[in-house]
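The values are calculated or read from the model by the stated rules, or taken from the named source; none is laboratory data. In this text, all values refer to a predicted model and were calculated from it rather than measured experimentally. Note that each Cβ is placed from the backbone with ideal geometry, even for glycine, and that neighbours are counted across all protein chains shown.
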Amino acid sequence: MALVTAAAFFMAVLFLLFKVFELRRIPLLPAIVINYYVACICGVLVAPPWQAGDLTPLALPSAVLGFLFITIFYLTGLSAQRAGVAATTVASKMSLVLTVLFAVYLYGDQPGVLGWSGIALALVGVALASWVRNTGAAKGEWLLPATLFIGNAVIDITINWVQRMHLTEATEAVFPTLLFAVAGSLGTIWLLIKRERGAFVGPGVWIGGAVLGIMNYAALYFVVQALSYSNMPSSSVYPLVNIVVILFGTAASIALFKERPRAVQYWGIACAVLALVLILNVRP
């Protein structure tokens, strides 16, 4: 559970940092690019790739996931602007439905009655806790949240598949480093095409990107560790991570940004806590 909690904590910090970027008007895409390079450096320092042996089996998964990382980050911001924060948040969180179903179908995970009950409550809790009234979405903008729903699920499913099929004890700590290197390189090309090199001027984007990169590396590192060593099936790990992100994020938003959740969100948090209890009682 400690690994799941650590992964969720660092993921929650990522959302809080994006809020800080908005308040301080830090340009998002340049900060994301810096974040990926810093995360890559963190990975090299923690687990040097040249000591991990043959990395050839990870080349294609790293390229695919690196592309998805930078694309989904961008689409998340675009969706929040055009379709609204509520639709974007729910779509991102509810992607765990596909992740869990794939884990059950492909790998034979058997959560049992308590596990299935906890997973169902987790979905209800995530939806309610993420709910915000939204009337400003334009017609047809549901396509962006729908893309996020599928994109986030593909990322989680692919990470789970790579962890099961290709990662070894020597390469599991190196895998996040490869993903971040690819994402950073693609982001740099993207910025050059968009001719936004001037956005790197100013210390805010560098400091923000560096902090984001450290948190981003820690989040993915602990997700991979949780899948490997938490002694829980992946169909339980992903709902737990999403639940704890909601709890951390809600508490931090109240304390730091003086946000006040609505009654429906408190009901969602209550469902999430009950789901946490049910899933924790599942034995592998």
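Would you check if Pro57 is surrounded by 18 or more Cβ atoms within 10 Å (Cβ to Cβ) and touching a residue at least 60 places away in the same chain (Cβ under 8 Å)?
Answer is no for this residue.
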Inset, instruction - Identify, by number, the condition in (1) part of a helix (DSSP H, G or I); (2) loosely packed, with under 15 Cβ neighbours inside 10 Å that Thr168 doesn't meet. - result: (1)
Inset, instruction - Inspect region 135-148 for any residue being modelled with pLDDT of 80 or more and closer than 18 Å to Met11 by Cα and give the result as yes or no. - result: yes
Legend entry - Residue that is crowded, with 19+ Cβ neighbours inside 10 Å, at pLDDT below 80 and within 18 Å of Trp190 (Cβ to Cβ), where the choices are Thr76, Thr99: Thr76
Legend entry - Out of Phe175, Phe180, Phe200, sole residue that is in contact (Cβ under 8 Å) with a residue 12 or more places away in the chain, in contact with a Cys (Cβ under 6 Å, 6 or more places away or on another chain), among the aromatic types (Phe, Trp, Tyr) and surrounded by 15 or more Cβ atoms within 10 Å (Cβ to Cβ): Phe180
Inset, instruction - Please determine, by comparing only the residues of region 235-250 that are surrounded by fewer than 24 Cβ atoms within 10 Å (Cβ to Cβ) and not β-branched (Val, Ile, Thr), which one is nearest to Ala275 (Cα to Cα). - result: Leu247
Legend entry - Selected residue [under 22 Å from Leu106 (Cβ atoms), modelled with pLDDT of 75 or more and within 19 Å of the chain's Cα centre (by Cα)] from Ala181, Ala226, Ala210: Ala226
Inset, instruction - Would you check if there is a residue in region 3-22 being without any contact (Cβ under 8 Å) to a residue 60 or more places away in the chain, among the aliphatic types (A, V, I, L, M) and part of a helix (DSSP H, G or I)? - result: no
